[in-house]
1. Return the only residue of 105, 83, 113 being aliphatic (A, V, I, L, M), open to solvent by less than 40 Å² (accessible area, probe 1.4 Å) and in contact with a Phe, Trp or Tyr (Cβ under 8 Å, 6 or more places away or on another chain).
2. If residue 48 meets every condition in (1) open to solvent by less than 70 Å² (accessible area, probe 1.4 Å); (2) in a helix (DSSP H, G or I); (3) of a type outside the set (Phe, Trp, Tyr) apart from one, which number is that one?
3. Please enumerate the residues belonging to the stretch 190-213 that are open to solvent by 40 Å² or more (accessible area, probe 1.4 Å) and in contact (Cβ under 8 Å) with a residue 24 or more places away in the chain.
4. Considering only the stretch 116-143, state which residues are farther than 15 Å from residue 264 by Cβ and surrounded by fewer than 22 Cβ atoms within 10 Å (Cβ to Cβ).
5. Could you tell me whether the stretch 149-165 includes any residue that is at negative phi, open to solvent by less than 60 Å² (accessible area, probe 1.4 Å) and of a type in the set (Val, Ile, Thr)?
6. If you go through the stretch 177-228, how many residues are among the small types (Gly, Ala, Ser) and under 13 Å from residue 250 (Cβ atoms)?
7. Hey, among the residues in the stretch 4-35 that are assigned to a loop (DSSP other than H, G, I, E, B) and in contact with a Leu (Cβ under 7 Å, 6 or more places away or on another chain), which one's surrounded by the fewest Cβ atoms within 10 Å (Cβ to Cβ)?
8. Output the helices (runs of 4 or more DSSP H) that fall wholly within the stretch 57-168 and possess 3 or more residues being of a type outside the set (Val, Ile, Thr) and over 29 Å from residue 185 (Cβ atoms), or say none.
Amino acid sequence: MVCKKDPLVRKICKLYEQISSLESLKPCKDVDMLFTQLVVTCMPPSPIDVTKLCKTIQDIRSKLIQLCGEAEGHLESHFSTILGSYENPLHYLNIFPYYSNYLKLSQLEFNILTKHCSNVPTKVAFVGSGPLPLTSIVLASFHLTATSFQNYDVDPSANSKALRLVSSDPDLSRRMFFHTTDIMDVTSSLNDYDVVFLAALVGMDKNAKVRVIDHLAKYMAPGAILMLRSAHGARAFLYPVVDPCDVRGFEVLSVFHPTDEVINSVVIARKCPMTKQCYPLGPTKLPNKFLDTEMFNCLNHVNLMEELDVEEQLS
């Protein structure tokens, strides 16, 4: 069992102690330094399996994900406010320190989507868009240039800031919409979307994530695509993990684990027809060119999927 004897786990635990002792997680020198160190520590490919962590480390991991989520929210809100002060906010997106990561992640997700979606989606939902909805903005600006984006977030101030970013753009202002609501309260509208993106921090623990996925499975249209963000290896100390066996009611089409500075893994799944049982309990084979090893067992939490470089996938 993985515990504090592991050098990587020891380092992450030390950073957790420093981060948890901070008075505030709003952007400042100390916050930026510690979270940068945490990301750099967790970024390299690692064989660590977070399902085998001892309870003490499991608890630390859960708390660390919460802290990362809170810090990320403050960071996005901070930069959205700055961007919103410009006459044309979208001209200055590169001031956000992780903008290039969003460009790469959006390119990756678009490439994966086009391999499994024969038609260009006309209507997309993004769940958990936040105050700085860069995925929607990048996809709408560069990849899905005729698609409408319905963005959902529970925080009215986040939606207000997000709306300010696109309101001055004549194209995006007519294709991007923001809804202040809990996605668990959205029902029949989910049937309208060709693709639904689920942000990594919607459902901060396994049970919450599964509840959201089950809700989407209940109301999304048969054949619609669900794009999920997950984490792999040590990166699972930063974001929740979506196990393919948790994606009930969907056929999992592909799982991709980047190994560069793009932190999130990408899971793409298709909503099952009502007459089809898509996800049996037990070993499942994924018809997926991105995975070298095709077998995993949900019940035993065995994940033998190989990591491939983003450049290889994009070639």
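The values are calculated or read from the model by the stated rules, or taken from the named source; none is laboratory data. Quick caveat, the model's predicted, so the values are computed rather than measured. Here Cβ is always computed from backbone atoms with ideal geometry, including for glycine, and neighbour counts include all displayed protein chains. Just so you know, the surface numbers come from the protein's heavy atoms only, side chains and all, with ligands and any DNA or RNA stripped out. Shrake-Rupley method; radii C 1.70, N 1.55, O 1.52, S 1.80 Å.
1. Values: 105 fails: in contact with a Phe, Trp or Tyr (Cβ under 8 Å, 6 or more places away or on another chain); 113 fails: in contact with a Phe, Trp or Tyr (Cβ under 8 Å, 6 or more places away or on another chain).
Result of the check over 105, 83, 113: 83.
2. (2)
3. Of all residues in the stretch 190-213, those open to solvent by 40 Å² or more (accessible area, probe 1.4 Å) come to 191-192, 194, 201, 204-207, 211.
Listed by number, the residues that qualify are 191, 192, 194, 201, 204, 205, 206, 211.
4. 116, 117, 118, 119, 120, 121, 122, 123, 141, 142, 143 - these are the residues of the stretch 116-143 that are farther than 15 Å from residue 264 by Cβ and surrounded by fewer than 22 Cβ atoms within 10 Å (Cβ to Cβ).
5. The answer is no; no qualifying residue exists.
6. Of all residues in the stretch 177-228, those among the small types (Gly, Ala, Ser) come to 188-189, 199-200, 203, 208, 217, 221, 223-224.
Those still in the list that are under 13 Å from residue 250 (Cβ atoms) too: 217, 221, 223-224.
Residues in the stretch 177-228 being among the small types (Gly, Ala, Ser) and under 13 Å from residue 250 (Cβ atoms): 4 in total.
7. Pass one, the stretch 4-35, residues assigned to a loop (DSSP other than H, G, I, E, B): 4-6, 21-28.
With the extra rule that they be in contact with a Leu (Cβ under 7 Å, 6 or more places away or on another chain), the set shrinks to 25, 27.
On the way: 25: 20, 27: 16.
Checking each candidate, the answer is 27.
8. Numbers: elements: 99-116, 134-138, 156-166.
Filter on the stretch 57-168 gives 99-116.
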